[in-house]
Amino acid sequence: MLCVDRDIPIMGKTEDGNASDKKLNTTILAEVSAYMKKNGLPPEAFVYVADSAMVTSENLSKAEDNDIRFVTRLPSTYKECGRVISLAADTDNWTDVGVLAEVTPAERAARYKIFETEVTIDGKTMRAVVVHSSAHDKRRHKKIDRMIEKEFKDLEKSCKEASGKTYFCMADAKVAAAELEKTSSHLHIIKTEIRETVIFKKGRPSPGKER
C-alpha cells in the first residue's frame with residue numbers, strides 16, 4: 001500500500017506475504033513514477049519514503065533512472081552507516097531540532113539533534129542525516145552501564161581465582177599472569193603482580209642445617 005501524508009492510501013495491490021520487501025520496493029519504484037505522472041505530479045513533486053529494505057543496488061539505480069527522490073534508513077550492514085555515526089560523535093557538531101512529536105503537556109517527549117553529511121554507496125553519493133534521540137540515549141546509557149557491570153564482575157571472578165593459585169617456578173607464573181592480562185578489554189584493564197614466597201618443608205629443621 002502506498003500512502004501519502006496522514007496515512008491516506010493512494011495506491012495498493014495484493015502481494016505474497018512471503019515476498020521480499022527489497023524486491024517489492026523495486027516493483028513499486030518502477031510503478032510509482034508512472035502513477036504520479038498520470039495524476040499530474042512530476043518526480044520532483046514528491047518524495048518516496050521507505051524502510052531500510054529500500055537500500056539495494058537495484059533499488060538505488062531504479063530511483064536514479066526514474067528521478068525519484070527518497071528518504072530511507074541506511075541499514076547497519078553497510079559500513080558507511082557505522083562510519084557516519086562515528087563521524088557525528090567525533091565531530092560533535094549537532095543541530096538541535098528539539099521536540100518533533102505531538103504530545104500533551106504531561107508527556108515527556110524526546111528531543112532530537114541531527115548531523116548532516118554524505119555517504120557513498122555503489123558509487124552514488126547521497127545526503128545522510130544522523131539522528132540523535134535523547135530517549136534512545138538514556139536507554140543506551142543504561143544498557144552500557146549493565147554491560148560494564150557484568151564485565152567487571154566476570155573479570156573480578158577470574159582475578160580472584162587467579163590470586164589463589166601458587167606456581168612452583170617463575171616461568172609458569174609469568175605465563176599465567178600474561179594470559180590473565182589478555183582478558184583486558186576497552187572497558188577494564190587487568191594488571192598482574194607476581195610475588196615470590198618461600199615455602200618451607202613440613203616439620204622441624206635438622207640441627208645446624210638451613211631451614
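The values are calculated or read from the model by the stated rules, or taken from the named source; none is laboratory data. Predicted, not measured: the structure shown is a model, and the values here were computed from it. Note that we place each Cβ from the backbone using ideal geometry, even for glycine, and neighbour counts take in every protein chain shown. Accessible surface areas use protein heavy atoms only, side chains included; no ligands, DNA or RNA. Shrake-Rupley method; radii C 1.70, N 1.55, O 1.52, S 1.80 Å.
The table below lists the values:
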item	result
Segment 157-174, residues that are surrounded by 12 or more Cβ atoms within 10 Å (Cβ to Cβ) and either aliphatic (A, V, I, L, M) or within 34 Å of the chain's Cα centre (by Cα) (or both)	158, 159, 162, 173
Residue that is nearest to the chain's Cα centre (by Cα) [pool: residues in segment 175-207 that are open to solvent by less than 60 Å² (accessible area, probe 1.4 Å) and of a type in the set (Val, Ile, Thr)]	190
Inter-residue pairs, beta-carbon under 8 Å, first at positive phi and in segment 91-112, second among the hydroxyl-bearing types (Ser, Thr, Tyr), 6+ apart	98/112
Enumeration of residues in segment 90-140 that are hydrophobic (A, V, I, L, M, F, W, C), modelled with pLDDT under 95 and not in a strand (DSSP E or B)	100, 101, 103, 106, 109, 110, 135
Scan of segment 21-53 for residues that are surrounded by 12 or more Cβ atoms within 10 Å (Cβ to Cβ) and either on the phi > 0 side of the Ramachandran plot or small (Gly, Ala, Ser) (or both), ordered by number	30, 33, 50, 52, 53
Pairs with Cβ under 6 Å, 6+ apart, first in segment 191-211 and modelled with pLDDT of 80 or more, second open to solvent by 100 Å² or more (accessible area, probe 1.4 Å)	200/211
Subset of segment 117-132 that is more than 18 Å from the chain's Cα centre (by Cα) and not β-branched (Val, Ile, Thr) - its residue that is nearest to residue 85 (Cα to Cα)	118
Filtered residues of segment 137-156 (kept if open to solvent by less than 70 Å² (accessible area, probe 1.4 Å), among the acidic types (Asp, Glu) and over 16 Å from the mean Cα position of the chain (by Cα))	151
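For every residue, the table says whether it meets (1) of a type in the set (Gly, Ala, Ser); (2) touching an Asp or Glu at 6+ places or on another chain (Cβ under 8 Å); (3) open to solvent by 70 Å² or more (accessible area, probe 1.4 Å); (4) farther than 19 Å from residue 52 by Cα.
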residue	(1), (2), (3), (4)
78	no, no, no, no
88	yes, no, no, yes
93	no, no, yes, yes
105	no, no, yes, yes
124	no, yes, no, no
127	no, yes, yes, no
131	no, no, yes, no
135	yes, no, no, yes
